[in-house]
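Read through the structure below, which is laid out as structure tokens, and then see the notes.
The values are calculated or read from the model by the stated rules, or taken from the named source; none is laboratory data. Here the structure is a predicted model, which is why all the values come from computation and not from measurement. Because the Cβ atoms are built from the backbone with ideal geometry, glycine has one as well, and the counts that use them run over all protein chains shown. Accessible surface areas use protein heavy atoms only, side chains included; no ligands, DNA or RNA. Shrake-Rupley method; radii C 1.70, N 1.55, O 1.52, S 1.80 Å.
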Amino acid sequence: MPAFNASLFIAESIDSVSAQTYRNWELLVIDDGSTDATPAIVHSKAAQDRRIRYLHQENGRQAKARNLGLLHARGELVAFLDSDDLWLKDKLEIMVREFRAGDQDLLFSESYIFEERFQPDGEQHPNEKRMGVIAREYSGYDGLSEFLEINRIPILTVLCKTSILKNLLFNENAAPAEDYDLWLRMLIGGYKFRAITVPLAAYRLHPCSATAGDRLATDTVIANIHALRQSISDQTLRELIDRKLRGWLRRKLRMVVDWGQLERFIDMLRELHLAPNLWIADVLNRMSNILFRMGKKVLGKQL
């Protein structure tokens with residue numbers, strides 16, 4: 001559990017781990033240089049339950065904190081929970097049972113999405129939104145192709161072999177999309193994922209979260225996928241990544257709403273050596289859209 005100035009929610013997150021029906025767990029809380037009451041809260045919880053361990057690092061962001069946790073992890077399997085999210089009480093029990101029964105390197109599940117209050121010990125949550133996880137397996141070329149379209153894994157639901165993650169680790173330069181980068185590298189490395197549709201966690205939406213402004217972390221994802229392409233020699237995989245990268249760039253272009261953002265998009269193409277002249281039609285189309293919006297706003301004021 002990485003934590004930076006998390007005093008508002010971290011006690012609730014820790015309590016959702018303490019309430020697990022599966023009892024053989026250890027919680028590593030990595031304080032990422034907090035300046036609020038986070039350390040005191042964690043120490044208080046650790047004094048009540050020796051399975052909770054406090055680790056500290058100078059502020060280095062979430063990926064570095066996750067890696068520090070992995071380096072200290074002692075179990076055969078590892079799970080993740082951010083300091084503002086929650087697990088349902090039977091999360092670990094169900095996931096461990098499913099992991100033992102299945103054939104996968106990484107298992108993940110459905111998750112609820114909430115904004116204000118959530119009762120993780122409740123039996124039913126019929127009105128809560130869900131992530132939309134589909135029960136299926138992902139591996140090989142087809143699995144990579146699907147994952148290159150979007151990150152399909154809610155990290156707070158993951159259960160994975162510790163040995164694999166200790167070997168790969170999170171790319172600290174890929175934040176705040178370091179989890180997505182890791183999943184892509186795992187698929188390229190031949191690892192197998194499996195998803196179940198039982199909702200076992202709850203993801204909190206709030207304005208202070210790392211990706212509050214752009215839930216997909218689009219700019220970072222584009223840079224990460226491009227860097228991943230540069231590291232691969234297999235021509236078939238490079239062509240696949242090229243196609244999916246174009247999809248991400250079109251998604252980014254659709255987010256552009258003014259001239260400044262359009263200029264930054266063109267700069268991004270140059271920085272990634274993606275030949276801006278090949279995007280002339282797309283850019284012109286977006287320019288027309290911006291002009292239309294501006295004209296509509298001006299006419300609206302005059303009327």
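Please check: in the Gaussian network model of the chain (C-alpha springs, under 10 Å), which one of VAL78, VAL17, VAL256 has the largest mean-square fluctuation.
Judging by the Gaussian network model, the answer is VAL256.
Run the numbers on the chain and let me know its relative contact order in percent, using alpha-carbon pairs under 8 Å that are six or more apart. Could the numbers behind the result be given before it?
Working: 457 pairs, mean separation 54.7, N = 303.
It comes to 18 percent, rounded to a whole number.
Connecting C-alpha atoms closer than 10 Å in a GNM of the chain, tell me which of ILE241, ILE30, ILE164 has the biggest fluctuation.
Highest fluctuation among the options: ILE164.
Please work out which option in (i) 62, 52, 41; (ii) 57, 48, 47; (iii) 52, 44, 42 gives Cα extents along the principal axes in Å calculated from these coordinates, and answer with its label.
Read-out from the structure maps to (i).
Gaussian network model of the chain, Cα springs within a sub-10 Å range: biggest mean-square fluctuation belongs to which of TRP183, TRP87, TRP279?
In the Gaussian network model the winner is TRP279.
Below 8 Å between Cα atoms, with a sequence gap of 6+, how large is the relative contact order for segment 135-237 in percent?
Numbers: 73 pairs, mean separation 38.3, N = 103.
Relative contact order of segment 135-237: 37 percent.
Under 16 Å from the Cα of LYS192, which aspartates and glutamates turn up, not counting those fewer than eight places away in the same chain?
GLU98, ASP103, ASP105, GLU137, ASP142, GLU146, ASP179, ASP181
How large is the helix-only mean residue ellipticity at 222 nm for the chain, computed as the sum of -39500 (n - 2.57) over DSSP H runs with n ≥ 4, divided by its residue count, in deg cm²/dmol to the nearest 500? Mind dumping the intermediate values first?
Details: 11 runs with 138 residues, N = 303.
Taken over the chain, the calculation gives -14500 deg cm²/dmol.
I need the peptides 263-274, 152-163, 34-45, 229-240 ranked by packing, meaning the mean over residues of other C-beta atoms within 10 angstrom, with the highest value on top.
On the way: 263-274: 14.0, 152-163: 21.3, 34-45: 16.8, 229-240: 11.8.
Peptide ranking by packing, descending: 152-163, 34-45, 263-274, 229-240.
In the chain, carbon and sulfur make up what percent of the accessible area (probe 1.4 Å)? Provide the component values of the computation, followed by the final result.
Details: 7840 of 15470 Å².
In the chain, the share of accessible area belonging to carbon and sulfur is 51 percent.
Show me the GluC sites (Glu not before Pro) within segment 46-109 that DSSP assigns to loop and that have at most 12 other Cβ atoms within 10 Å of their Cβ. Write down the numbers at each step before the final one.
On the way: sites: GLU58, GLU76, GLU93, GLU98; in loops: GLU58, GLU76.
For GluC sites (Glu not before Pro) across segment 46-109 that sit outside H, G, I, E and B with at most 12 neighbouring Cβ atoms in 10 Å, the list reads GLU58, GLU76.
Using Cα-Cα distances under 8 Å and only pairs 6 or more residues apart, what relative contact order does segment 39-190 have, in percent? Write down the numbers at each step before the final one.
On the way: 144 pairs, mean separation 50.7, N = 152.
Relative contact order, segment 39-190: 33 percent.
Leaving out ligands and nucleic acids, and using a 1.4 Å probe, what accessible area per residue does the chain come to in Å²? List each step's numbers first, then the result.
Numbers: 15470 Å² over 303 residues.
With the other protein chains kept in place, the chain gives 51 Å² per residue.
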